[in-house]
1. T76 versus (1) under 26 Å from the mean Cα position of the chain (by Cα); (2) buried (at least 17 other Cβ atoms within 10 Å of the Cβ): which is the lone unmet condition?
2. Out of segment 117-138, which residues are open to solvent by 80 Å² or more (accessible area, probe 1.4 Å) and more than 16 Å from G210 (Cα to Cα)?
3. Hey, any hits in segment 220-239 for a residue that's farther than 30 Å from V162 by Cα and either in a loop (DSSP other than H, G, I, E, B) or open to solvent by 60 Å² or more (accessible area, probe 1.4 Å) (or both)?
4. Sort out which residues of segment 114-143 are in contact with an Asp or Glu (Cβ under 7 Å, 6 or more places away or on another chain) and either closer than 14 Å to L165 by Cα or not hydrophobic (A, V, I, L, M, F, W, C) (or both), and write them in order of number.
5. Scan segment 401-416 residue by residue and report those that are under 12 Å from A343 (Cβ atoms) and at pLDDT below 80.
6. Taking helices (runs of 4 or more DSSP H) that do not extend beyond segment 20-114, which have at least 2 residues that are under 30 Å from N224 (Cα atoms) and modelled with pLDDT of 80 or more?
7. Within the set of pairs 6 or more residues apart or between chains, which connect a residue that is closer than 23 Å to L197 by Cβ and among the acidic types (D, E) inside segment 207-234 to a residue that is modelled with pLDDT of 85 or more and open to solvent by less than 10 Å² (accessible area, probe 1.4 Å) with Cβ atoms less than 8 Å apart?
8. Yes or no: F337 of a type outside the set (G, A, S), modelled with pLDDT of 75 or more, open to solvent by 30 Å² or more (accessible area, probe 1.4 Å) and in contact with a Phe, Trp or Tyr (Cβ under 8 Å, 6 or more places away or on another chain)?
Amino acid sequence: MLVYLRLFKESFSFALNALRNNKLRTFLSLLGVTVGIFSIIAVLAAVDSLDQNIKGSLEGLDKNTIYLTKYSFGPTQVPRWKRENYPQVDYDDYEFIRRNIIDVEATAYVIFGGAETIRYQAETLTNVEVTPISEGIYIIDNLKISQGRFYSELESETGAPVIVLGYTLAENLFGNDNPIGKQIRVYGRKLSVIGVLDKYGTGLGDSPDGKAFVPANFVRRFRNGGANGLPGAVVIKPKAGTDIGAFESVLKQKFRVYRGLKADEEDDFFVNKLAGLVSFVDSIIGVMNGIGWMISLFSLLVGGFGIANIMFVSVKERTNLIGIQKSLGAKNRFIMFQFLFEAVILAIVGGLVGLGLVWVMTLIASSFSGDFEFVLSPYNMLLGFGLSSVIGLISGVLPAIRASRLDPVEAIRTGM
């Protein structure tokens, strides 16, 4: 054991000497490892951060929530031209489902709105996402109110001119003033602010902080939300403990009958579940990870060649020393481990620099990204450390074997 500790100490000393005596060569050679580790860990950290923020934004939602609409939230075998000819899911469809589907905790009808302009006195905000939706979304999305209240079922059905603002949106419009009861203009019409949501934070731009909610029936007064009008969906939250497979089958069967579809006709709608959306997001995250690995491995390959180059040069420069060590009784295994340790130490130095750069990058990115948190997990740090070690080990194998097989007499003679 003491022999290997001495071996490690000598190898560490030789590695430091290589760093000090050949600064430019060592820097250029280690740059590949540094860039490779930086690329891989930076990509993994970015993807993990994205994944964490997406899952965080969906954390309060029931994964069994269903969106009944003409659009598919994931890949589908139905051609696009056929999907485009499907009728929109409209308010009548919502009323049918509300009356005829059991084991439902809450339903809502949503019109997929676009960017709108909101005005309050001299303050004007453009490109605000205003969502026309019925009152059931309050239960479905588990929304939390910080001021005021959400609109009632009566206000939703009658299309009352009321609006609920996201936290950031209310802050931008009113500053420190109390927004409840204030009149603002949306769609060119006056609406009363009756509530402000809690602050949620940013998750893939899907946070309600910058959004606004209005009753869907209010928008239906002046915009076509029928079967051939604006795109809509029925959002359904089944009761806890419901058999989702059976619930989905009953929903499809009853809705097919309602739409008059024959047995040999395919569905002209899609039943999308949030659980399927999460799986789809996971598959995208996996693809992004794979692409990041492919790109970064090229940098690691270059770094490996750089480490191997340093070690071959190191073997040549220390040929005389190797001969002396062997003549004094050093075994081939000792010489080989000496150079392997040195290669690993050099690669770890490059990897640690890369990890340090990623850590600095996450701090800078987090400070400029508002509520979006960049994460450098311990797993990714250990992965970077491990990859550095493996690259050093692989890169040092051939030089170490070459050094261990040198003939002591020839080595001393060559080094003189």
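The values are calculated or read from the model by the stated rules, or taken from the named source; none is laboratory data. Since we're looking at a predicted model, the values are computed, not measured. Cβ sites come from the backbone with ideal geometry, for glycine too, and all protein chains shown count toward neighbours. Heads up: the accessible areas ignore ligands, DNA and RNA and are worked out on the full protein's heavy atoms, side chains in. Shrake-Rupley method; radii C 1.70, N 1.55, O 1.52, S 1.80 Å.
1. (2)
2. Step one: list which residues in segment 117-138 are open to solvent by 80 Å² or more (accessible area, probe 1.4 Å), which gives 119, 121-122, 126-127, 129, 138.
Result: Q121, A122, Y138.
3. Going residue by residue through segment 220-239, those that are farther than 30 Å from V162 by Cα are none.
No: zero hits.
4. In the first step, residues of segment 114-143 are kept if they are in contact with an Asp or Glu (Cβ under 7 Å, 6 or more places away or on another chain); the result is 115, 128, 130, 135, 139.
V128, V130, E135 - these are the residues of segment 114-143 that are in contact with an Asp or Glu (Cβ under 7 Å, 6 or more places away or on another chain) and either closer than 14 Å to L165 by Cα or not hydrophobic (A, V, I, L, M, F, W, C) (or both).
5. A403, the sole residue that qualifies.
6. Values: elements: 23-58, 80-84, 91-100.
So the answer is 80-84, 91-100.
7. D209/G166; D209/L169; D209/L197
8. Working: of a type outside the set (G, A, S): yes; modelled with pLDDT of 75 or more: yes; open to solvent by 30 Å² or more (accessible area, probe 1.4 Å): yes; in contact with a Phe, Trp or Tyr (Cβ under 8 Å, 6 or more places away or on another chain): yes.
Taking the combined requirement at face value, the residue satisfies it.
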